[in-house]
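Working notes, structure below.
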Amino acid sequence: MKNHLAKRKWVLSAIALTMAVAVLSGCGKNNNSASPATASGDNQSPAANASATNASGDGKKLKKVTFAYAGGTCEAPIYSAVEKGFFKEEGLDVELVQMDFETLKSGISSGKVDGTVGNFAWFKPIEQGLDVKITGGLHAGCIQLVTRKDSGITSIKELKGKKIGVDTIGGGPQITLAITLKENGIESTDVDWRAYPSQQLATAADKGEIDAFIVWDPAAQQALDSGEYTRLLSNGHDEPFKSGYCCYSVISGAVTKNDPEKAAAITRALLKSAEWVGNNAAETAKIETDKKYVAADAATNEKLLAAYHWKPGVINAKKSAEFFIKEQKAQGILDASTDEKELLDRAFFEAIPDYNGN
C-alpha cells in the first residue's frame with residue numbers, strides 16, 4: 001500500500017486527489033471507527049444532536065452552525081468550544097459532523113457546512129476554486145520527522161537520496177519537509193517519497209522500506225515514545241514553523257459573504273477556545289478522551305497538547321498564510337502563474353481585526 005512521488009517533479013494531480021486526510025484533519029486523523037460522544041455526554045454521534053439549549057445567556061436565539069471535524073488531538077479548540085461554552089457565548093448552536101473530504105468540500109463551499117479546522121494544505125484547493133476562507137491561526141506543532149536511531153541519519157542534509165514516508169502525497173507533512181529540504185540545498189525531487197497510512201509508517205521504517213517518515217501526531221510521537229526513534233524535525237520546535245501556524249480556523253466562503261457576523265462569532269469562539277486549551281492541557285485531554293472525541297488516552301493527548309504553541313491570532317495568521325503560499329509556489333505545488341497576493345486575498349477573510357493584538 002504505497003505510492004511513489006514522481007522523481008522529476010511534484011505531481012499536482014496526485015496532490016489534488018490525495019488531499020483528503022491532510023486537509024480535513026489539521027493534525028492526526030482518528031482511525032478509530034467509534035463515534036465521539038455529544039456535548040451532553042451521551043453515546044450518540046454529535047451529528048445526530050444539536051446543542052442542548054437554543055438560547056444564549058442574554059436570551060437571544062442561537063444561530064445554528066454546522067462544524068466538521070476529523071477526530072484529531074489538535075482539533076481541541078473545536079471540542080473545548082463545545083464543552084466549555086465558547087460557541088454558546090458567541091450566540092452559536094453548534095452541530096458537529098464527522099465527514100470525508102469530498103463531502104466536506106461540497107458542503108463547505110456551498111455553506112451547508114459552516115466551518116472546520118484546517119491547515120496550510122488548503123491553499124491548493126483554494127487556488128483551484130474551493131470557496132473557503134481562513135480567518136485565524138490556532139497553534140503550531142503536531143508534525144514531526146523521525147528516523148530509527150540505527151538508521152545512521154542524524155541531520156536533514158543526510159536525507160538526499162533517501163526514502164521518506166508520508167501519510168499523504170501533497171499533505172502538510174510533505175510540504176513542511178520539502179520547505180526544510182530546500183533550505184538545506186536539497187530539492188524535493190532528490191528524495192523518494194512513499195505514502196503509507198499513518199499508523200503503518202513506523203512498521204515500514206522498521207522493515208527498512210523507508211529511511212525516515214514525517215507525519216501528523218500522534219504517529220510520530222508514538223514512535224519516539226518507543227525509544228527506538230529520534231526526531232530530525234518538528235514544526236513545534238524548529239523555525240520557521242514554530243513561529244507561525246499549522247492549524248487555522250476555516251469558514252465557508254458563503255458564510256463570510258452572507259453572514260459575516262456568524263463568521264466573526266465562529267472565529268472568536270475558536271480563538272478563545274485555543275487560548276483556553278493552551279492554559280488547560282490536562283483538562284482538555286480529559287475532555288477529548290472522556291467524550292470520545294479522540295481515540296487516544298488522556299496522557300498521550302495531554303503530552304501532545306502541552307507541546308504545541310497555542311497562540312491564537314489573526315494578524316499573525318495572515319502572515320503565516322502568506323509564508324506558506326510563497327513557499328508552496330516555490331515548490332511547484334501552486335501554479336507558477338498564481339498571483340500570490342491575489343490568492344492570499346481570496347483565501348484569507350478578516351472576520352475580526354485581531355485577537356489579543358496578534
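The values are calculated or read from the model by the stated rules, or taken from the named source; none is laboratory data. What you see is a predicted model, and the numbers here were worked out from it, not measured in a lab. Every residue, glycine as well, gets a Cβ built from its backbone with ideal geometry; the counts of neighbours run over all protein chains shown.
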Quiz prompt | Matching residues in the range 168-184 - criterion: being surrounded by fewer than 24 Cβ atoms within 10 Å (Cβ to Cβ), touching a Ser or Thr at 6+ places or on another chain (Cβ under 7 Å) and within 19 Å of His237 (Cβ to Cβ) | solution = Leu181
Quiz item: Across the range 306-355, what is the number of residues that are among the small types (Gly, Ala, Ser) and under 16 Å from Gly137 (Cα atoms)?
Solution: 6
Self-check item: Every residue from the range 153-164 that is small (Gly, Ala, Ser) and in contact with an Asp or Glu (Cβ under 8 Å, 6 or more places away or on another chain)
Solution: Gly161
Exercise. Select from the range 141-155 the residues that are under 11 Å from Ala212 (Cβ atoms) and in contact with a Phe, Trp or Tyr (Cβ under 8 Å, 6 or more places away or on another chain) and write down the one among them that is surrounded by the fewest Cβ atoms within 10 Å (Cβ to Cβ).
Key: Arg148
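So that you can scan it fast, the table gives a plain yes or no per residue for (1) touching a residue at least 24 places away in the same chain (Cβ under 8 Å); (2) within 14 Å of Gly165 (Cα to Cα); (3) of a type outside the set (A, V, I, L, M):
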site: Ala204; (1), (2), (3): yes, yes, no
site: Gly208; (1), (2), (3): no, yes, yes
site: Pro218; (1), (2), (3): yes, no, yes
site: Gln221; (1), (2), (3): yes, no, yes
site: Gly236; (1), (2), (3): yes, no, yes
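Out of Asp339, Asp297, which single residue is farther than 22 Å from Pro173 by Cβ and either modelled with pLDDT under 95 or small (Gly, Ala, Ser) (or both)?
Result: Asp297 is the single residue among Asp339, Asp297 that is farther than 22 Å from Pro173 by Cβ and either modelled with pLDDT under 95 or small (Gly, Ala, Ser) (or both).
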Quiz item: Which condition breaks for Thr230 when tested against (1) surrounded by 24 or more Cβ atoms within 10 Å (Cβ to Cβ); (2) assigned by TED's automatic domain parsing to the domain that holds Gly161?
Solution: (1)
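Taking only the range 248-262 into account, find how many residues are closer than 16 Å to Pro77 by Cβ and more than 18 Å from the chain's Cα centre (by Cα).
Count: 0.
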Quiz item: Restricting the range 33-88 to residues that are at pLDDT 50 or above and of a type in the set (S, T, N, Q), which is nearest to Ile287 (Cα to Cα)?
Solution: Ser80
Exercise. Inspect the range 244-267 for any residue being out of contact with any helix residue (DSSP H, G or I) (no Cβ under 6 Å at 6 or more places or on another chain) and farther than 28 Å from Asp93 by Cβ and give the result as yes or no.
Key: yes
